[in-house]
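Just so you know, all these numbers are worked out from the coordinates, no wet-lab data involved. Worth saying up front: this structure is predicted, and the values here are computed from it rather than measured. So basically every Cβ, Gly included, is an ideal-geometry build from the backbone, and we count neighbours across all protein chains shown.
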Amino acid sequence: MNVSPDLVAIGWPCVAAAPERPGLDVWDALARAHPAARPARIVEQHRSGYLVAESLEEGYPAESLPEWQRASTYRKGGTAPESRPAVGDWVLVEGEGATARIVALLPRYSAIKRAAAGEHYKQQLIAANVDTVFVVCGLDDDFNPRRIERYLLLVRSGGAEPVVVLTKADLAEAGRAGAVAAAIDDLGSLGLEGLAVVPINARDAGSVDALADWLHPGRTVVLVGSSGAGKSTLTNSLLGRDRMKTGEVRGSDSRGRHTTTHRALVPLPSGACLIDTPGMRELKPTGEEDVTENFSDIDALAEQCRFRDCAHGREPGCAVRAAIEAGVLDAQRVANYHKLRDEVAGAAATLADRRSEQKATTRQGPRIQKARRDDEYDED
């Protein structure tokens, strides 16, 4: 596949920019199967469809495959949300102008997703083909190590590198001496070796320069975090201009309004690409995560417990309980470990049931589809 500098400018995964990325042989094979198509990247996703780009120029709308359209739910022959394109995806496009249409989705090298809010299990793809995820958290009432643990679980399971960005560092230090150092110590107790934690003032371009190591040309980063964490302010500072609206934050709980209403990919002056996302109130695991990856310290201690099925409560010979009592392990971290482990296990069971139903639907055809058409996948 011939790759132009224009594609590299919007994050095409060339080996020079990211040698750890997988080979592009599958992409080349798909391109050969569609000789009339050209590669493009999805830069915006709206309810009405996708905007794609082939360069730094403004994107253009492209018609999606029928099975990706919102009206075509999985139960009616459509594609499950996690298999549909998202911002950051690379696709093959045929046609020009009003006839432009997406004909293929290129395999992803990373995918950040969660289980969407609600009673029914639905996966929601947040961003695709990203190298680094900036987990943005304000050093005010928004700071919550337990929620950060949830973000790290989703990011690492998606194949990207997490970086915790602590915004409002100036406000924290003004209000309480040592607040930033205390927050970093709290995150250090997570036991995640090599986790980068960067405190910044998102309104100060000089402070934001601390993120430069993750913003090299050809790299793609995505911002995630709750409303009011400062993602839009950080986006404006990285761009060097006010592109995103910034909203006021309630003093009572440090929550902000949703100033980002849809996902969009924009090029940065550094040569990297940035994806901003709306704030997320719920972070539910999909069931595909490996909890032990984020809690390897607790897992290692559990191996030392007297009983293999130790619940780390009042059992004799519990190494985890001993570590808590000795002050070397945070009891809240252990509680969050149990909570996330149970959530992942529950989601995994639901996901397995869903996949079994999908196979049955495929085998038995329209009769099953009609009987279950009210139980739909959705992407929001």
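Take E67 and E303, extend 7 Å from each Cα along the Cα→Cβ direction, and tell me the distance between the two endpoints in nm.
Those two pseudo-labels are separated by 4.3 nm.
Mind listing the long-range amide H neighbours of T286? Cut-off is under 5 Å, sequence gap 5 or more, other chains count too, H placed in the peptide plane at 1.01 Å from N.
A115
Whole-Hz ³J(HN,Hα) for each residue in segment 124-130, computed from phi via Karplus 6.51 cos²θ - 1.76 cosθ + 1.60 with θ = phi - 60°, x for glycine and proline: what do you get?
Result, rounded to whole Hz: 10, 7, 8, 7, 10, 6, 10.
FRET efficiency for H262 and Q358, Cβ-Cβ distance as r, R0 = 30 Å, nearest 0.05? It would help to have the intermediate numbers written out before the result.
Details: r = 28 Å, r/R0 = 0.95.
Calculated value: 0.60.
Roughly speaking, what is the stretch gain from H216 to N144, that is 0.36 nm per residue apart minus the C-alpha to C-alpha distance, in nm to one decimal?
On the way: separation 72, 0.36 × 72 = 25.92 nm, distance 2.92 nm.
Stretched out fully, the H216 to N144 stretch lengthens by 23.0 nm.
For a quick check: sort I324, I184, I148 by the number of other beta carbons within 10 angstrom, fewest at the front. Don't skip to the answer; put the middle values down first.
Values: I324 18, I184 14, I148 22.
Fewest-to-most Cβ neighbours within 10 Å comes out as I184, I324, I148.
According to a simple spin-label model (label point 7 Å from Cα along Cα-to-Cβ), what is the distance in nm between A326 and A33?
5.5 nm
In nanometres, what is the gap between the two model label sites at N2 and S189, each 7 Å from Cα along Cα-to-Cβ?
It is 5.9 nm.
So how do T220, T233 line up by other beta-carbon neighbours within 10 Å, fewest first? Mind showing how you got there, number by number?
Details: T220 26, T233 22.
Lowest to highest Cβ neighbour count: T233, T220.
List the residues, sorted by chain then number, that are 5 or more residues from A196 or on another chain and whose placed amide H is less than 5 Å from its amide H.
Those lying under 5 Å, H to H, from A196 are V164.
What ranking of F295, F143, F134 emerges when the number of other C-beta atoms within 10 Å of each C-beta is taken as an exposure proxy, fewest first?
Values: F295 24, F143 21, F134 27.
Placing the least packed residue first, the sequence is F143, F295, F134.
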